[in-house]
Amino acid sequence: MLVDKLLVNIFLVFVPLLVYSALSDHRHMKHAPLLMGGVLGVSSVLCITFAYIWYGLYWDLRYVPLILSVLYFGPKAGLLNITVMVLVRIYVGPESIQVGLLSMILCYLGPFLVRKRFMQIKGMFLRVGINMLMSIWASMVMLIILLIHSWANGKLDKDEIELIKIIFGFGVIQFLSVGASSFWMEFSLEREEMRRKIRQAERINTLGELAASMAHEVRNPLTVIKGFLQMVQSGLEGKNRRYIALALAEVDRAERIISDYLNLSRPKIGKTELMDLSGMVQQIVLLLKPMATKQGVRLYTELRNEIYVHTDRNQLLQALVHVTRNAIEAAEDGGRVYITLAIQEEKACLNIRDNGKGMSQEHLERVGTLFFSTKEVGTGLGTAVSFRIIEAMDGSIRYESEPGVGTEVTILLPLAQESLLAAEG
Ligand code: ADP
Ligand code: MG
């Protein structure tokens with residue numbers, strides 16, 4: 001009989017997980033605590049209904065859904081679960097009801113207290129471990145309450161020792177059930193997360209294509225506006241001239257954003273040529289010096305001559321300008337940006353280091369993804385474009401950073417082949 005009931009209980013514990021998997025195909029279940037609290041509550045209640053009654057106590061797996069509901073769906077879900085349980089427990093009968101109610105409340109409190117920490121944990125095994133720990137807590141609660149109960153009634157005889165053994169055995173079953181079901185939950189969550197990422201990637205793809213076609217159309221009128229503004233500017237003096245200069249700067253900015261968008265959807269490596277990287281770095285310094293000076297940031301270079309690469313000059317320039325501009329923007333007034341060029345692992349190695357505000361681990365993981373920006377007027381395109389360009393060149397780009405200390409970007413590019421160098425003389 002015990003085995004029958006236990007199997008029914010195990011089945012009942014897994015039903016809500018199946019419901020979760022089925023429903024999460026259609027909606028984001030993490031945001032449906034009441035629904036899941038209700039479903040898990042019903043599961044707990046059915047566990048009580050199919051409990052094995054022994055020594056006047058109910059033996060069932062009702063705490064497994066309770067632990068899952070609090071940890072995965074929050075205190076509200078847990079509260080709903082426990083309310084349903086208490087009502088049904090009262091309805092079932094008065095037999096050792098105080099013991100039942102007290103242990104339910106204490107078993108709710110355990111997961112409730114660790115929930116905040118639980119949410120911050122990333123590792124799947126650790127999360128399952130915490131679930132299992134909570135089942136040990138539930139077993140301990142039962143044991144302690146039982147001991148106090150017997151002690152108050154003045155009897156702790158041979159029967160009680162037997163009972164403690166049973167609680168221990170039952171605890172092991174509960175422990176394993178919680179382990180298995182939380183593993184299941186973790187897999188479901190991971191699957192859900194993956195689906196979400198795929199959906200987002202699809203959205204970005206469509207958006208990218210749309211943006212690219214629009215960018216293409218907007219570019220021509222901008223070129224015309226720019227041309228006429230320049231013409232008008234040359235004949236103006238004073239305030240009006242300054243206004244036109246401002247308008248021109250904004251047109252430039254718009255053009256830059258547009259070419260970033262175009263690059264994003266298809267960074268094409270066009271005409272390739274042999275070039276000395278140190279020359280390119282000097283060009284970047286020349287380009288960005290005015291901006292750096294305005295921000296009170298100094299640029300330092302440490303270059304080695306004759307490191308040749310064979311690639312698209314404009315694309316590479318664009319990628320490096322983005323990375324260096326970010327470094328300058330991150331460095332506050334009085335900050336420094338170092339650009340060094342060397343050979344590493346038989347590759348051209350460009351290192352751009354700043355002593356700016358740095359990035360947190362979370363930001364570090366997101367850098368290079370589309371539209372990630374922490375700046376007020378940022379587009380979140382720069383690093384995404386740079387990553388794509390460098391990757392299209394068979395190179396690699398790596399970010400290391402520490403908040404408050406600074407950021408170091410390492411770009412590795414394949415060196416130009418000897419035969420090409422020889423041909424160029
Ligand atoms: P944007 O510059 O428009 O914000 P980017 O794609 O160029 O977009 O950069 C994305 C984000 O990455 C920035 O908003 C910033 O938070 C972070 N970042 C990039 N480079 C650095 C750096 N050198 N130091 C600190 N944060 C950086
Ligand atoms: Mg940027």
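The values are calculated or read from the model by the stated rules, or taken from the named source; none is laboratory data. What you see is a predicted model; the values in this text were computed from it and never measured. Positions of Cβ are backbone-derived with ideal geometry, glycine not excepted, and every protein chain shown enters the neighbour counts.
So the values come out like this:
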item: Where Arg336 falls short, out of the listed (1) in contact with an Asp or Glu (Cβ under 9 Å, 6 or more places away or on another chain); (2) within 15 Å of ligand 2 (Cβ to nearest atom); result: (2)
item: Single residue of Glu255, Glu306, Glu250, Glu273 found to be part of a loop (DSSP other than H, G, I, E, B) and either under 22 Å from Met214 (Cα atoms) or more than 37 Å from the chain's Cα centre (by Cα) (or both); result: Glu306
item: Test: Glu365 is within 13 Å of ligand 2 (Cβ to nearest atom), surrounded by fewer than 22 Cβ atoms within 10 Å (Cβ to Cβ), assigned to a helix (DSSP H, G or I) and under 28 Å from the mean Cα position of the chain (by Cα); result: no
item: Qualifying positions in segment 342-355 - outside any strand (DSSP E or B) and either of a type in the set (Val, Ile, Thr) or modelled with pLDDT of 95 or more (or both); result: Asn355
item: For Met393: the one exception among (1) more than 27 Å from the chain's Cα centre (by Cα); (2) of a type outside the set (Phe, Trp, Tyr); (3) within 16 Å of ligand 2 (Cβ to nearest atom); result: (3)
